[in-house]
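These notes are about the structure you will find just below.
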Amino acid sequence: MDFATLASQFFIGLSRGMIFFIVSAGLTLIFGVLRITNFAHGALYMLGAFIAYSVSTLVGQGPYGFWLALLVAPVTVMLVSLVIERGLLRFIYNRDHLIQMLLTYSLVLIAGDLVKILWGTEFKSMDIPAVLRGSFNLWGASLPWYNAFLLIVGPVVALGLWLFLSKTHLGKICRATATDREMVDVLGINSTRVFAMVFALGGWLAGLGGALIAPTTSISMGMDASIVIYAFLIVVIGGLGNVWGALISSIIMGVGEALGILFIPGIAIIIPYIIAGVLLIVRPTGLLKSAW
Amino acid sequence: MSANNLKSMKSPKKLSTYLGWAFAVAGVLILLVAPTILTQYYVYLLATVFTTALLASSLNLVLGNGGLLHLHHGVFFGVGAYTVAIVMTKTSWPFAVAILLAPMVASLIALVIGWFCVRLRGLYFGMLTLALGQLVWAIVYRWNALTNGDNGIHAIPVPESLSSINSVYYTTLLVLIISLIILYMITKSPFGITLLATRDNPVRSESIGINVKSHRLIAFVIAGFFAGIAGVLFVLVERSVAPSLLFWNKSAEILIMCLMGGLTVFMGPTLGAGILVLLSMIVGLYTEYWLLVLGLLLLILVLFLPQGILGYLMESYDKRRSMRGEN
């Protein structure tokens, strides 16, 4: 095992952590503000990937296909989320976790078959844009440009979320709602609008994650099932509703998984679950302070 | 809902109890003669219903009676089924050892997972069951030497006496009835009542000296034990196992069954299991989009009938009775 292999695997893990972060940041915001366990988050991510594929195919996989997809897919998923929130979720805000969970799970089932009807069952693939193809050398390690791109997008999204949550009026209301919802209601703030907006933002992030992962993987049915479990675990071990906790645990998960593939390739699949299990046992309420 | 439940426990001699028993006896009688009139396929289907009903009822001890968000019960079912499969294909031990070992291994795994989970509350409990359950799935999925990986294990040998579908049918029915009676007795025992108390008010239960964690752990292990038995039945019916048995969407299906029948009624999960298994067969005849149908069904259930079918019937029955009582 030389340093270069280790470094490049670490780098790949880090960029995978960025995808995890983008997806789970949306989930954790929804957790914190709406207090909803959104199983459909993975389905939204899958939808983002499929829409990205369709958009880029529509413009002929050309140089602009990817960038257009990156713009259109998250926004479309955001609109879908808005419909879900206004049409369904707002009726169950006061119910048990189990009921809320199963409502979002019903969306998982419906979305799965709708994707099958709309896009068929065969695997889809999408080109990496020309600018981001190939790889570069860093201290003797060969690193793909696309992963470097993800490493830029991740912090940009994190920065954007930070600016939104701490500098804007709406963001402050979000944080206040996550901390003490009753107080926010008492102050006469229209929390319904906040809920709808946060769910739409979460959907946008899920769609963005899906669009970003699309060029690097085979886009297929069932890509929602594994990501949603990872995202849940990340959100919980980061502290429910805590975006920065989600960032930290995403990186732990991404890097842990990548190093697992390097050192114990046969059983690398169990690494994220072990990490999550151990962290939950050591720190039952998450790494950072939970919003709940 | 829960207060209602407790009240009904204190007055066992009401009409609905007798009615329930009458239904149960009539149901069992019908099921006993069913194989003589039904085709083999339907006999097989009913055996699947019995297996699933036991699985769902075992989950409900934790979910409905314990009030714990147990999201990955399918794991214990899968572990039970895999134990039988591995013992029968990789060792020369007799079948009796396999069926005894299966629920024991399942409850041992439940003890380990539960031991960690009962320290957490609410959603965190649920997430840890999910994480540790998926860990077991990943191990089964990857441990090629023992579990045959993602191919699963097929053509599992079973004794000659259990080779016909009718004998499998009667075995699963018998095991289901015995298990349900035991589970029912557990829910009505002092332990079961205490479990309800820990669900309804854990803080108060703790302060009057109930060890909430150990009660929850015991319920978790009992549920794992019966899920293991259901796993044995599954092998009898299917003769094969695959890692998808332990994936989380299987567990979600069991949750839906419990919700559909009603979490607060003992026979709720059994009814839910029956409806879902039969419905998936019927819908499967017409369309490949069973999951879409299930999703829409679940959506309707969650929005309009969150107390479940039996839960709703019991509620309206109780309401009518109390109105009559007041007049």
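The values are calculated or read from the model by the stated rules, or taken from the named source; none is laboratory data. Keep in mind the model is a prediction, meaning the values are calculated, not measured. All Cβ positions, even for glycine, are placed from backbone atoms using ideal geometry, and neighbour counts span all protein chains on display. When the accessible area is computed, the model is the full protein with side chains, heavy atoms only, and any ligands, DNA or RNA have been set aside. Shrake-Rupley method; radii C 1.70, N 1.55, O 1.52, S 1.80 Å.
So how many Å³ per residue does the convex hull of the Cα atoms of the stretch B:79-227 work out to? Let's see the in-between values first.
Values: hull volume 18.7 nm³, N = 149.
Measuring per residue, one finds 126 Å³ for the Cα hull of the stretch B:79-227.
Return the Rg/Rh value of the stretch A:74-122, two decimal places, where both radii are evaluated on C-alpha atoms and Rh is the Kirkwood radius. Mind showing how you got there, number by number?
Details: Rg = 12.7 Å, Rh = 12.1 Å.
Rg divided by Rh gives 1.05.
Per-residue HN-Hα couplings for the stretch B:37-43, Karplus 6.51 cos²θ - 1.76 cosθ + 1.60 at θ = phi - 60°, whole Hz, x for Gly and Pro?
Values, residue by residue: 10, 8, 6, 3, 4, 5, 4 Hz.
Take the stretch B:8-151, compute every pairwise Cα distance, and split them into 5 Å bins from 0; I just need the percent in each bin.
2, 8, 12, 15, 15, 14, 14, 11, 6, 2, 1, 0
Hey, what angle do you get for helix A:191-213 against the long axis of chain A, alpha-carbon based, 0 to 90 degrees rounded to 10?
10 degrees
What percentage of the solvent-accessible surface of the protein assembly as shown, computed with a 1.4 Å probe over protein heavy atoms, is contributed by carbon and sulfur atoms?
Working: 18250 of 26450 Å².
C and S fraction of accessible area: 69 percent.
Only counting protein heavy atoms at a 1.4 Å probe, give the residues of the stretch A:64-111, ordered by number, whose accessible area falls by 20 Å² or more when the other protein chains are present relative to the chain alone.
A:Leu88, A:Arg95, A:His97, A:Leu98, A:Ile99, A:Met101, A:Leu102, A:Leu103, A:Tyr105, A:Ser106, A:Leu109, A:Ile110
Could you work out which residue, out of B:Thr198, B:Thr51, B:Thr36, moves most in a Gaussian network model of chain B, that is, has the largest mean-square fluctuation with Cα springs under 10 Å?
B:Thr36
Would you mind listing how long the stretch A:186-292 runs along its three principal axes, going by Cα atoms, in whole Å with the largest first?
Cα extents, longest axis first: 56, 36, 18 Å.
So how tilted is helix B:248-261 from the main axis of chain B? Cα-based, degrees 0 to 90, rounded to 10.
For B:248-261 against chain B, the angle is about 40 degrees.
Per residue of the stretch B:155-168, in order, report the coupling 6.51 cos²θ - 1.76 cosθ + 1.60 (Karplus, θ = phi - 60°) as ³J(HN,Hα) in whole Hz, putting x for Gly and Pro.
Whole-Hz 3J(HN,Hα) from phi for the stretch B:155-168: 6, 6, x, 10, x, 3, 5, 10, 7, 7, 5, 5, 5, 4.
Once the convex hull of the alpha carbons of the stretch B:229-309 is built, what does its volume come to per residue, in cubic angstrom? Write out the running numbers ahead of the final one.
Working: hull volume 8.9 nm³, N = 81.
Each residue corresponds to 109 Å³ of Cα convex hull volume.
For the stretch A:9-220, what mean projected area does the convex hull of the alpha carbons give, in nm²? List each step's numbers first, then the result.
Working: hull surface 51.5 nm².
Its average projected convex-hull area is 12.9 nm².
Please report the accessible area of B:Glu206 (heavy atoms, 1.4 Å probe, ligands and nucleic acids excluded) in Å², nearest 10.
100 Å²
Any chance you could look up the accessible area of A:Asp96 with a 1.4 Å probe, heavy atoms only, rounded to 10 Å²?
Accessible area, nearest 10 Å²: 100 Å².
Hey, if we sort B:Tyr42, B:Tyr82, B:Tyr184, A:Tyr64 by accessible area with the 1.4 Å probe, largest down, what's the order?
Working: B:Tyr42 100, B:Tyr82 10, B:Tyr184 75, A:Tyr64 170 Å².
Final ranking, largest accessible area leading: A:Tyr64, B:Tyr42, B:Tyr184, B:Tyr82.
Student exercise: in the protein assembly as shown, how many lysine pairs 8 or more apart or on different chains have Cα atoms under 28 Å apart?
Final tally of qualifying lysine pairs is 20.
Could you tell me what a quarter of the Cα convex hull surface of chain B works out to, in nm² with one decimal place?
Working: hull surface 72.0 nm².
Projected over every direction and averaged, the Cα hull of chain B covers 18.0 nm².
Which value, in square angstrom to the nearest 100, describes the accessible area buried between chains A and B on both sides, using a 1.4 angstrom probe? Provide the component values of the computation, followed by the final result.
Details: alone 13490 and 16670 Å², together 26450 Å².
For chain A against chain B, roughly 3700 Å² becomes buried.
Taking a spot 7 Å from the Cα of A:Leu58 along the direction of its beta carbon, which residues of the stretch A:204-220 have an amide N less than 11 Å from it?
It comes to no residues whatsoever.
At 1.4 Å probe size, what's the solvent-accessible area of B:Phe266? Round to the nearest 10 Å².
Its heavy atoms expose roughly 50 Å² to the probe.
Considering only protein heavy atoms, with the full assembly of protein chains and a 1.4 angstrom probe, order B:Met185, A:Met126 by accessible area, largest first. Please report the intermediate quantities before stating the final value.
Working: B:Met185 120, A:Met126 10 Å².
My answer, sorted largest first, is B:Met185, A:Met126.
Hey, what angle do you get for helix B:190-200 against the long axis of chain B, alpha-carbon based, 0 to 90 degrees rounded to 10?
Roughly 70 degrees between the two axes.
Please state the relative contact order of the stretch A:9-220 as a whole percent: Cα pairs under 8 Å, 6+ residues apart? Before the final figure, lay out each step's value.
Working: 292 pairs, mean separation 95.4, N = 212.
Here the relative contact order equals 45 percent.
Could you tell me the distance between the Cα centroids of the stretch A:17-74 and the stretch B:129-165, to the nearest Å?
35 Å
Binning every alpha carbon pair distance of the protein assembly as shown at 20 Å from zero, what are the percents per bin?
19, 52, 27, 3, 0
Quick one: plug the Kirkwood hydrodynamic radius of the stretch B:63-123 (C-alpha pairs) into Stokes-Einstein at 37 °C, 0.692 mPa s, and report D in µm²/s. Can you show the working numbers first?
Numbers: Rh = 12.8 Å.
D, rounded to a whole number, is 256 µm²/s.
So what is the relative contact order of chain B, in percent, for Cα pairs below 8 Å that sit 6 or more residues apart? Numbers along the way, then the final one.
Working: 450 pairs, mean separation 100.3, N = 327.
Relative contact order here is 31 percent.
Need one number for the stretch A:242-292: average projected area of the convex hull over its C-alpha atoms, nm².
Working: hull surface 13.8 nm².
Computing the convex hull of the Cα atoms and averaging its projections yields 3.5 nm².
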